[in-house]
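What follows is a single structure, written as structure tokens, with notes after it.
The values are calculated or read from the model by the stated rules, or taken from the named source; none is laboratory data. Being a predicted model, the structure only gives us computed values, none of them experimental. As a convention, Cβ positions derive from the backbone with ideal geometry for all residues, glycine included, and neighbour counts pool all protein chains shown. For the accessible areas, the whole protein counts, side chains as well, though only heavy atoms, and no ligand, DNA or RNA atoms are used. Shrake-Rupley method; radii C 1.70, N 1.55, O 1.52, S 1.80 Å.
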Amino acid sequence: MKRIGVFVCHCGINIAGTVDVERVAREAEKMPGVAFAMDYIYMCSEPGQSLVREKIKEEKLDAVIIAACSPNLHESTFRAAAEEAGLNPWQCEIANIREQCSWIHSDRKKATEKAIKIVGTIVGKTRLNESLEPISVSITKKALVIGGGIAGIQAALDIADSGYPVILVEKDSSIGGHMAQLSETFPTLDCSQCILTPKMVSAGKHPNITLMTYSEVEEVSGYVGNFKVKIRRKATSVDWSTCTGCGLCTEKCPAKVPSEFDRGLTTRGAIYVPFPQAVPNKPVIDRDNCIYYKTGKCRLCEKVCEIGAIDFDQKDLIIEEEIGAIITATGYETLPIADLPHYGAGEVPDVIDGLAFERILSASGPTTGEVRRPSDGMIPKEVVFVQCAGSRDPERFKPYCSKICCMYTTKHALLYKHRVHDGQPYVFYIDIRTGGKGYEEFYHNAEEEEGIVYLRGKVAKIFRDGDKTVVWGTDTLTGRNIEIAADLVVLATAIVPTESTADLANKLRIQTGPNGFLSEAHPKLRPVECINAGFFIAGVGQGPKDIPETVAQASGAACKVISLFSRDHLEQDPAVAWVDEDLCSGCRTCISVCPYDAREFDEEKEIVTVNEALCEGCGSCVAACSCGATQQRNLSDSQIKSMVTASLGGE
Amino acid sequence: MYKKLGLDPPDNPPIRLDRTKVRGEFGLQVDELSGQHLFACYQCGNCSSGCPLAQEMDILPSRIIRLAQLGQKEEIIQSKTIWICASCFQCTVRCPKGIDIQAVMDTLRQIALDEGVDHFGPDQIDSKHAAEVPQPGLVGVYRKLST
């Protein structure tokens, strides 16, 4: 029989306040297989860990159980301590008597009985634990970054600067993302393009970065360190290897398409470069709007292109790559005004969204930075900004705060005031949230010195009256309703994940939350990792955030990838499924239930094997296996029976 | 419209805001006479919460400032608040933005007097009651009329 040691933690009063820990230790000592038991105030402290190490040696223990908090917190701590004392780490188990006992009960007697049973089940399991060795997996030291906004660019640059190759995939023809559309950035009012374009150029020129723009991830298989990725390079209809980017084709194209980059305030051709600083600065043909693709006639771009780079027959290409880690940085869109019927549903011409106003303010925008309203080009003198247009509205729209609107609306009002000195900006808000370095000061300056009028209340209705846009709101600070006959209304529409996020998350098998944003593994302590190993996230795709936070998160995700690539082999938890080949009937039920694609049919042996590197040890296949061929290491049927017996009070 | 229909005007009509109100004569006058800057106020309400006479006022001091920001002169000069204010400086001392609210109150009283708005004066206290009014109170009432 094994000699098991049981160590019961008080966790201060977290456990000892509800559970009689001394009694748990005394009862544990009587359990079959237990050679030693004790309690201690903080097992996770260094003295606590030394106790475990000393007792393993003194008492000649060959397994230990720590009755303490959740294994999510300290399993690795105690397995390391056990290993230091010469034990196999898989001979150390955690009995969770805190989250699953002391924290949720108040009756001391009953809680103590339950704690004893919990320890009993783990003793039952540990008696039959095998010593295991970690699974060693090799790593392909090449990263994939999906999304070429500031998050993707920053992550790609950080990884590339560390010497590892990166593929940066972007669905549009240029990298840059929304940051390229912005005028100036709060709170310092740096010109957005001026600080972004050097990074875009670096990403475009970096020897370790392969840019794949106008491309989308088609399929991902494999596991951490060893992904196989298929990328669809959409047909650009232009041979980028010969195109010089002279721009003649884009000038001559007779098609007129609303420019996505300028939020529909200008038009572009069907062959176009989204904006002058695009990286790469090469055009694509938008086949849905190209006159030749629609009518079979035109080909004007082909005629003007002296080097013959136009290729109407170009096909999509599927490129396969081997990748070690994947960062998803898919960014955001904003809630369409069409979804907001009370704000005119997009039918009122001088009601625009924040990104459109960014273009109006931008020196490279449709009005070269002069504030003119879209309907008639008039310089607006009364401008109303409406915050929380779709945010913080759980009944009708989005329940969450879009986080950046308070600051960018203040910036908008401020920049407007700088351009139109005799104009009056008004901001309707529910709360002003200015958490960030220099943010509160920025807001105070706008309110105090720049004369921006903040009105506390939601806007109920916006409608057209002659050439005015009437805003009906309220000011709860005076208790009076407010009516403003505005010349222009700017809505801070809710931030939403990009349309493709859900589909991509499915392909990658990473999680999204209730509002469609990508989920992190832990909201505080693992904010850049996904639950699945080898996947990382950065930027607004994970949740609304501003540029500094996005850049920090991107560098954080890059750092995780670099740390992964700094090793030659990965060690994975060996407590995964295995197959008794003599028992397996080859029915393949396990393949259908495995969420990780870890079960593979072996044609030769006619059995289903386990890809240990992919298996996360969830146990689905073990439960589904009708012939008992699939078992989980250190969670065998006999171990589970032994645990059930203990939990029912038997031995 | 209300007159036509023989109705009383609404008690709480919407404020129709435009830049002439926000940057209007009234706001500038208050700023100039008081030496304060109305738009420095971010409506935290500390002046109201610390005011020992707030319970007697029809409009809280912070809301007076808010109405002034939005150019609502009539409502302010018709309010009891500016006369109930004892100029005790509690609000001025408490203001996190350093606004001398007492000075704004003085200014508002001055504007009300200039407009000939009816107010409560010491001459309205009959001699019988005048004897019972504490001296600092009487002095305060005279002071309000002389600023």
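The criterion of at least 3 residues that are over 13 Å from the mean Cα position of the chain (by Cα) is met by the following strands (runs of 3 or more DSSP E) wholly inside region A:524-599: A:569-572, A:577-579.
Can you tell me which residue is most open to solvent (accessible area, probe 1.4 Å) among those in region A:324-371 that are part of a helix (DSSP H, G or I) and without any contact (Cβ under 8 Å) to a residue 12 or more places away in the chain?
A:Pro341
Looking only at residues of region A:272-321 that are of a type in the set (Val, Ile, Thr) and under 23 Å from A:Ile231 (Cβ atoms), we find that the one that is surrounded by the most Cβ atoms within 10 Å (Cβ to Cβ) is A:Ile285. When the strands (runs of 3 or more DSSP E) confined to region A:410-471 are screened for residues that are open to solvent by less than 10 Å² (accessible area, probe 1.4 Å), those reaching at least 3 such residues are found at A:424-429, A:453-456. Among the residues making up region A:476-486, a single one is more than 7 Å from every other protein chain (Cβ to nearest Cβ) and buried (at least 22 other Cβ atoms within 10 Å of the Cβ): A:Ala486. Checking every residue in region B:50-59 against the condition of being at the interface with chain A (Cβ under 10 Å from one of its Cβ atoms), under 11 Å from the mean Cα position of the chain (by Cα) and either at pLDDT 90 or above or over 24 Å from A:Ile432 (Cβ atoms) (or both) gives at least one match. Does A:Ala492 satisfy being at negative phi, within 14 Å of chain B (Cβ to nearest Cβ) and among the hydrophobic types (A, V, I, L, M, F, W, C)? No. Looking at region B:69-117, which of the residues that are of a type in the set (Lys, Arg) and closer than 13 Å to B:Asn46 by Cα is most open to solvent (accessible area, probe 1.4 Å)? Ranking the candidates gives B:Arg94 first. Listed by first and then second residue, the pairs with beta-carbon distance under 9 Å, at least 6 apart or on different chains, first residue in region B:7-34 and within 15 Å of B:Leu67 (Cβ to Cβ) and among the basic types (Lys, Arg), second open to solvent by less than 70 Å² (accessible area, probe 1.4 Å) and outside any loop (DSSP other than H, G, I, E, B), are B:Arg16/A:Ile482; B:Arg16/A:Glu483; B:Arg16/A:Ile484; B:Arg16/A:Ala485; B:Lys21/B:Ile15; B:Lys21/B:Gly27. Going by the structure shown, is B:Ile77 hydrophobic (A, V, I, L, M, F, W, C) and either touching a residue at least 24 places away in the same chain (Cβ under 8 Å) or more than 25 Å from B:Asp31 (Cβ to Cβ) (or both)? Yes; evaluated as a whole, the condition is true for this residue.
Just one of the listed residues (A:Ile41, A:Ile13) is open to solvent by 30 Å² or more (accessible area, probe 1.4 Å), free of Cβ contacts under 8 Å to residues at least 24 places away in the same chain and either more than 19 Å from A:Lys117 (Cβ to Cβ) or not small (Gly, Ala, Ser) (or both), namely A:Ile13. Here is the figure for region A:387-434: residues that are within 23 Å of A:Ala345 (Cβ to Cβ) and within 14 Å of chain B (Cβ to nearest Cβ) total 5.
Is region A:17-26 home to any residue that is in contact (Cβ under 8 Å) with a residue 60 or more places away in the chain, touching a Leu at 6+ places or on another chain (Cβ under 7 Å) and part of a loop (DSSP other than H, G, I, E, B)? There is no residue in region A:17-26 that is in contact (Cβ under 8 Å) with a residue 60 or more places away in the chain, touching a Leu at 6+ places or on another chain (Cβ under 7 Å) and part of a loop (DSSP other than H, G, I, E, B).
Just so you know, in region B:8-28 the residues that are under 20 Å from A:Glu449 (Cβ atoms) and open to solvent by 60 Å² or more (accessible area, probe 1.4 Å) include one that is farthest from the other protein chains (Cβ to nearest Cβ), and it is B:Leu28.
A count restricted to region A:600-627 and to residues that are assigned to a loop (DSSP other than H, G, I, E, B) and either out of contact with any Asp or Glu (no Cβ under 7 Å at 6 or more places or on another chain) or among the hydrophobic types (A, V, I, L, M, F, W, C) (or both) stands at 13. The helices (runs of 4 or more DSSP H) found entirely in region B:1-114 that carry 1 or more residues being aromatic (Phe, Trp, Tyr) are B:25-34, B:81-84.
Which of the numbered conditions does A:Lys110 fail, given that it passes all the others? Conditions: (1) free of Cβ contacts under 8 Å to residues at least 24 places away in the same chain; (2) open to solvent by 50 Å² or more (accessible area, probe 1.4 Å); (3) under 26 Å from A:Tyr223 (Cβ atoms); (4) among the basic types (Lys, Arg). The single condition A:Lys110 does not satisfy is (3).
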